[in-house]
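Visitor: Let me give you the structure first, and then I'll get to my questions.
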Amino acid sequence: MRIDKYLWCIRVFKTRSIATTACKKGQVKIDGKIVKPSKDIFGDELLMIRKNQINYKIKVLDLPESRVGAKIVDLYRKDCTPKEEFEKTALLKFAKDYYRKKGVGRPTKKDRRDIDNFQEDTNPEL
């Protein structure tokens, strides 16, 4: 089975074209090597997938015939992603808040609309 089809079948990616694009960008590796979308997989291989700034590690257990339901995905893969990867995203979130907290700095579009509506309410001539 092709790697892009497998990733779509086990619901890592929403569409097969997104899975193909991820392979072309080098975000999918098999045993540490970047692969093309047409690479065949057979089983007992370790996949490393970079998605949403997280490096997922998935071990292939079996190959499904077609796209499977979310409840039975674990029959075909084993998630070996370390918990530290998920903790990194929490740290990134705090790092972004450090630079600009909400409500500080330049107003957003919503803030601008609220200011304009407030000015129209206080000055009916405008």
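Quick note: the coordinates plus some simple rules give every number you see, no bench work behind them. Small disclaimer: the values here were computed from a predicted structure and weren't measured. We place every Cβ from the backbone using ideal geometry, glycine too, and count neighbours over all the protein chains shown.
Visitor: Relative contact order of the stretch 1-81, please, whole-number percent, based on alpha carbon pairs below 8 angstrom and at least 6 residues apart. Before the final figure, lay out each step's value.
Guide: Details: 143 pairs, mean separation 23.1, N = 81.
Relative contact order for the stretch 1-81 comes out at 28 percent.
Visitor: Quick check: residue separation of K14 and Q27 times 0.36 nm, minus the Cα distance between them. What number comes out in nm?
Guide: Values: separation 13, 0.36 × 13 = 4.68 nm, distance 1.55 nm.
Stretched out fully, the K14 to Q27 stretch lengthens by 3.1 nm.
Visitor: Run the quick spin-label model on K36 and V68: label points 7 Å from Cα toward the beta carbon, then report their separation in nm to one decimal.
Guide: 2.8 nm
Visitor: Next up: Taking the Cα centre of the chain as origin and charging only Cβ (+1 Lys, Arg; -1 Asp, Glu), how large is the dipole, in debye to the nearest 20?
Guide: Working: 31 positive and 19 negative charges, 96 e Å.
Roughly 460 debye, rounded to the nearest 20.
Visitor: A further question follows. Between L47, L91, L63, which gets the highest mean-square fluctuation from a Gaussian network model of the chain, Cα cutoff 10 Å?
Guide: L91
Visitor: Let me ask something additional. Within the set of other residues whose C-beta is less than 12 Å from the C-beta of R77, count the net charge using Lys and Arg as +1 and Asp and Glu as -1.
Guide: Cβ neighbours under 12 Å give a net charge of -1.
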